[in-house]
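Enquirer: Sending over a structure as structure tokens; questions will come in a sec.
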Amino acid sequence: MAAPARGRRCRGAVLLLLLASVLAPLALYGRSPVSLPDSTVARGAFDREDGSNLVWPHMAASEVSLAKDLTIERLGEHKNRVLSAADDWQAVEIVKSQSAEKIDTTVPWKEPVSRDVDEAIAEGNGSAHSRQDGLIKEVVSTDSMESEEQGGQGIKEKELPDASDSEVEHKDGSGAAAAESNIAGITTTGNLSSSFEKESAADTLSGQITHATSKESYIRAVDISADLATSKSSADHSATSPDATIRIIKDQLTRAKTYLSFLASRGNHGSAKELRARMKDIQRALGDATNDGMLPQNVHSRIKAMEQTLAKLKRTHDGCSGAVSRLRTAIHSTEERLQSHKKDANYLAQIAAKSLPKGLHCLPLRLTNEYYSTDSKNKDFPNMEKLEDPKLHHYAIFSDNVLAAAVVVNSTLVHAKKPADHVFHIVTDRLNYAAMKMWFLANPLGKAAVQVQNIEEFTWLNSSYSPVLKQLASSSMIDYYFRSGKARPDENPKFRNPKYLSILNHLRFYLPEIFPKLNKVLFLDDDTVVQQDLSALWSIDLKGKVNGAVETCGETFHRFDKYLNFSNPLIASNFHPQACGWAYGMNMFDLSEWRKQNITDIYHTWQNLNEDRLLWKLGTLPAGLVTFWNRTFPLDHSWHVLGLGYNPNLNEKDIRRASVIHYNGNLKPWLEIGLSKYRKYWSRHVNYDQVFIRECNINP
């Protein structure tokens, strides 16, 4: 009895296996994915003694009928092989051994038309066995849309786990194995479908059943494959990385800290409080753990809660693009305010530079009063015979600032090796003439000679002779300087300084007329300080040049294109924009060459051409650049160091080594806005114990 029963069970098992091998190609060849129920046929056949799993009681009747019809059609071709296989006991043993082993699911499938049917059945059986672990179950339906409306009797897809869930739940690597089995099953299905499409072209019934759902099933299969690939990658990372969960936690904490800074700046205290609570919770879970095995059991729930909080914040707060937009707006607004503040600061600096401290205003008044109260017999300077001696060292100083002129003279004589060889020619305006003369009468220079002249005594200097005098007296020039309401908003206010109206600034172009009997004159600005003996300057051969000056081609100074308007063809055709400029303030002029080359007429020519100020703005340096073009001899830079009136970053060694230092700029040493670090070089030459200085309360 046992033997016949066992024979019936084996016969039924073999029949069912062959049925599956035939049914799978029938359905799959038409591009409709099909899979078995939750337990594979082979496993049910051998695990159950009563054979109850040999039928599918949960399948719909229509599905069974369709499967039966298709099976009968195909069984006609394989009848002999089925009968012989049922009688062969060895087939049962082979099937048992195959079901116990883990069979490679990726069985290659080639065109069945070129292979023996036995091989096709064997590979079909292998494909059926390979889908035991984690295969996605689907059942063929004649009308999938109709079945879904009738309560889901059509195609049913098992939901795939999310990649992140797979990473958390399948740490033992089982998820990866399941994903591999699923992918292999889908690959085999695709191969079978491709083969059967050619073989069953004439099968009308099968084509009608599968045509409606073939495209949809193909797209779904591709999407499932992509999801499985992602799940597999995540599972592999989880399996190979012992700190994958710790990395997730640290990433969440980093994002949380970023959001927390945004919330704090925007005053969103409710969300900030919730986020801090989540951070504390997940930080407690993290602790000192170095791998996932050290984390508590409920860590995944905490990770999920934190992720939900971060997602909510991401929805309620804009991302990086919004922050970048706000930052750009803030930067633009800040730059506009900065430019506005710079303009205001520049304007205020010009106002401060034009102002006169109370002490310096008091000093000329006090000196003028003293001059006119002094006996006229005591108003002549000694050593007047030296004033026209060409063998001596003559200095030209044009200033209306008594204290500044006094510092230039004092500093020169302090460092002079032979003070008796130095002669100082000071020219000032009518308002300061008495004060300037009284200062040097009250503070005699010893053996050195000094001359103080009033510019109005130069009767030859008038508007008919000097174009600049004519221009300065014009109504348009007066409007330009004193009616600031007409100024352009982008115009530098330094060009509107009324000091340019003073003819004292232009006297440097009339040196041969002022000193007709002298051959060389050293011109010094009143904002300079002499630190060494300058006698060697008179021994320098200027090689036929008229002007000896220090060039200013360094980083902090400009070339011709910064002073002249090269958009004007007259400037562009006569000068080079990159030509090296030079500095006014300490210049050795060869008056003999000046007269030979007729420099004053050249100056007048250019001044007439610039009557409408289209060639350069007002000032003496641009006029000097065009007048002495190719007529300037470069002196060594150590003779003249500039920038103490605006540049706080000068090299102290260069300052100490310089023969003359120049406070060019608005930050003059006698003003409160002057740079304090440089004031000492100037104030050391002021006698603060002098009676007039004490009376005017002038302090260092």
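Enquirer: How many residues, within the stretch 260-299, are buried (at least 18 other Cβ atoms within 10 Å of the Cβ) and farther than 29 Å from Arg326 by Cβ?
Expert: Residues flagged as buried (at least 18 other Cβ atoms within 10 Å of the Cβ) and farther than 29 Å from Arg326 by Cβ within the stretch 260-299 amount to 6.
Enquirer: Turning to a different aspect of this structure: For the stretch 457-469, state whether one or more residues are touching a helix residue (DSSP H, G or I) at 6+ places or on another chain (Cβ under 7 Å), at pLDDT 75 or above and within 28 Å of Ala352 (Cα to Cα).
Expert: yes
Enquirer: Return a yes/no flag: does the stretch 529-543 have any residue that is crowded, with 21+ Cβ neighbours inside 10 Å, farther than 29 Å from Leu675 by Cα and among the hydrophobic types (A, V, I, L, M, F, W, C). Full working, then the answer.
Expert: First pass over the stretch 529-543, keeping only residues crowded, with 21+ Cβ neighbours inside 10 Å: 529-530, 534.
Now narrow it down to the ones that are farther than 29 Å from Leu675 by Cα: none.
For the stretch 529-543, residues crowded, with 21+ Cβ neighbours inside 10 Å, farther than 29 Å from Leu675 by Cα and among the hydrophobic types (A, V, I, L, M, F, W, C): absent.
Enquirer: I need every pair where a residue in the stretch 423-437 that is in the same structural domain as Glu457 (by TED's automatic domain parsing) and of a type in the set (S, T, N, Q) has its Cβ under 8 Å from the Cβ of a residue that is buried (at least 23 other Cβ atoms within 10 Å of the Cβ) and not in a helix (DSSP H, G or I), sequence separation at least 6 or different chains.
Expert: Thr428/Phe398
Enquirer: Determine which member of the set Ala256, Ala264 is over 30 Å from Tyr646 (Cα atoms), touching a residue at least 12 places away in the same chain (Cβ under 8 Å) and among the aliphatic types (A, V, I, L, M). First the steps, then the outcome.
Expert: Values: Ala264 fails: touching a residue at least 12 places away in the same chain (Cβ under 8 Å).
When all the criteria are applied, what remains is Ala256.
Enquirer: Check every one of the helices (runs of 4 or more DSSP H) wholly within the stretch 601-700 and list those with 1 or more residues that are assigned by TED's automatic domain parsing to the domain that holds Gln471. Break it down stepwise before answering.
Expert: Values: elements: 620-627, 652-657, 676-683, 691-695.
Hits in the stretch 601-700: 620-627.
Enquirer: Let me ask another. If I ask for residues that are in a strand (DSSP E or B), surrounded by 21 or more Cβ atoms within 10 Å (Cβ to Cβ) and in contact with a strand residue (DSSP E or B) (Cβ under 6 Å, 6 or more places away or on another chain), which ones from the stretch 426-463 would you list? Explain how you work it out, then say what you get.
Expert: Narrowing the stretch 426-463 to residues in a strand (DSSP E or B): 426-428, 449-454.
After this cut, where a residue has to be surrounded by 21 or more Cβ atoms within 10 Å (Cβ to Cβ) as well, the list is 426-428, 449-450, 452.
Within the stretch 426-463, Ile426, Val427, Ala449, Val450, Val452 meet the criteria.
Enquirer: Continuing with the same structure: Would you say His685 is touching a helix residue (DSSP H, G or I) at 6+ places or on another chain (Cβ under 8 Å), closer than 19 Å to Thr412 by Cβ and surrounded by fewer than 20 Cβ atoms within 10 Å (Cβ to Cβ)?
Expert: Working: touching a helix residue (DSSP H, G or I) at 6+ places or on another chain (Cβ under 8 Å): yes; closer than 19 Å to Thr412 by Cβ: yes; surrounded by fewer than 20 Cβ atoms within 10 Å (Cβ to Cβ): yes.
For His685, the condition - touching a helix residue (DSSP H, G or I) at 6+ places or on another chain (Cβ under 8 Å), closer than 19 Å to Thr412 by Cβ and surrounded by fewer than 20 Cβ atoms within 10 Å (Cβ to Cβ) - is met.
Enquirer: Can you name every residue in the stretch 267-301 that is assigned to a helix (DSSP H, G or I) and β-branched (Val, Ile, Thr)? Don't jump to the end; show me each part of the working.
Expert: We begin by selecting, within the stretch 267-301, every residue assigned to a helix (DSSP H, G or I); these are 269-286, 292-294, 299-301.
If the condition is that a residue be assigned to a helix (DSSP H, G or I) and β-branched (Val, Ile, Thr), then Ile282, Val299 are the ones that fit.
Enquirer: In the stretch 638-656, how many residues are of a type in the set (Val, Ile, Thr) and buried (at least 19 other Cβ atoms within 10 Å of the Cβ)? Talk me through it step by step, then tell me what you get.
Expert: Looking only at the stretch 638-656, we keep the residues that are of a type in the set (Val, Ile, Thr), and these are 641, 655.
Of the ones still in play, those that are also buried (at least 19 other Cβ atoms within 10 Å of the Cβ) are 641.
Counting residues in the stretch 638-656 that are of a type in the set (Val, Ile, Thr) and buried (at least 19 other Cβ atoms within 10 Å of the Cβ) gives 1.
Enquirer: Yes or no: Leu313 at pLDDT below 85 and either in contact with a helix residue (DSSP H, G or I) (Cβ under 6 Å, 6 or more places away or on another chain) or under 30 Å from Ala272 (Cβ atoms) (or both)? Working first, answer last.
Expert: Details: at pLDDT below 85: yes; either in contact with a helix residue (DSSP H, G or I) (Cβ under 6 Å, 6 or more places away or on another chain) or under 30 Å from Ala272 (Cβ atoms) (or both): yes.
Yes: the conditions hold for Leu313.
Enquirer: From the residues in the stretch 623-637 that are in contact (Cβ under 8 Å) with a residue 40 or more places away in the chain and surrounded by fewer than 16 Cβ atoms within 10 Å (Cβ to Cβ), which one is farthest from Ala658 (Cα to Cα)? First the steps, then the outcome.
Expert: Our first condition is that a residue be in contact (Cβ under 8 Å) with a residue 40 or more places away in the chain; within the stretch 623-637, this holds for 623-629, 631-637.
Remaining after also requiring surrounded by fewer than 16 Cβ atoms within 10 Å (Cβ to Cβ): 629, 634, 636.
Details: Trp629: 26, Pro634: 16, Asp636: 10 Å.
My answer is Trp629.
Enquirer: Under 9 Å between Cβ atoms, at least 6 apart or on separate chains: pull out the pairs that start in the stretch 593-607 with a residue that is on the phi > 0 side of the Ramachandran plot and of a type in the set (D, E, K, R) and end on any residue that is assigned to a helix (DSSP H, G or I) and modelled with pLDDT of 95 or more.
Expert: If the second residue must be assigned to a helix (DSSP H, G or I) and modelled with pLDDT of 95 or more, no pairs are left.
Enquirer: What residue, among those in the stretch 388-406 that are free of Cβ contacts under 8 Å to residues at least 60 places away in the same chain and over 13 Å from Leu356 (Cβ atoms), is nearest to the chain's Cα centre (by Cα)? So that I can check it myself, show each step before the final result.
Expert: Step one: filter the stretch 388-406 for residues free of Cβ contacts under 8 Å to residues at least 60 places away in the same chain, giving 389, 391-392, 402.
Narrowing further to those that are over 13 Å from Leu356 (Cβ atoms): 389, 391-392.
Values: Asp389: 65, Lys391: 63, Leu392: 61 Å.
So, considering only residues that are free of Cβ contacts under 8 Å to residues at least 60 places away in the same chain and over 13 Å from Leu356 (Cβ atoms), the one nearest to the chain's Cα centre (by Cα) is Leu392.
Enquirer: Here is a further query. Look at Thr620 and say whether it is buried (at least 16 other Cβ atoms within 10 Å of the Cβ), within 16 Å of Pro467 (Cβ to Cβ) and touching a His at 6+ places or on another chain (Cβ under 7 Å).
Expert: On the way: buried (at least 16 other Cβ atoms within 10 Å of the Cβ): yes; within 16 Å of Pro467 (Cβ to Cβ): yes; touching a His at 6+ places or on another chain (Cβ under 7 Å): yes.
The answer is yes for Thr620.
Enquirer: Now for a separate question. For Ser659, work out the one condition from (1) of a type in the set (Ser, Thr, Tyr); (2) more than 22 Å from Tyr395 (Cα to Cα); (3) buried (at least 18 other Cβ atoms within 10 Å of the Cβ) it doesn't fulfil.
Expert: With (1) of a type in the set (Ser, Thr, Tyr); (2) more than 22 Å from Tyr395 (Cα to Cα); (3) buried (at least 18 other Cβ atoms within 10 Å of the Cβ) applied to Ser659, the lone miss is (2).
Enquirer: Gln308: closer than 22 Å to Ile248 by Cα and exposed (fewer than 13 other Cβ atoms within 10 Å of the Cβ), yes or no? Before the answer, list the steps.
Expert: Details: closer than 22 Å to Ile248 by Cα: yes; exposed (fewer than 13 other Cβ atoms within 10 Å of the Cβ): yes.
Yes.
The values are calculated or read from the model by the stated rules, or taken from the named source; none is laboratory data. None of the values given here were measured: they were computed from a predicted structure. Positions of Cβ are generated from backbone atoms using ideal geometry, with glycine treated the same way; all protein chains shown enter the neighbour counts.
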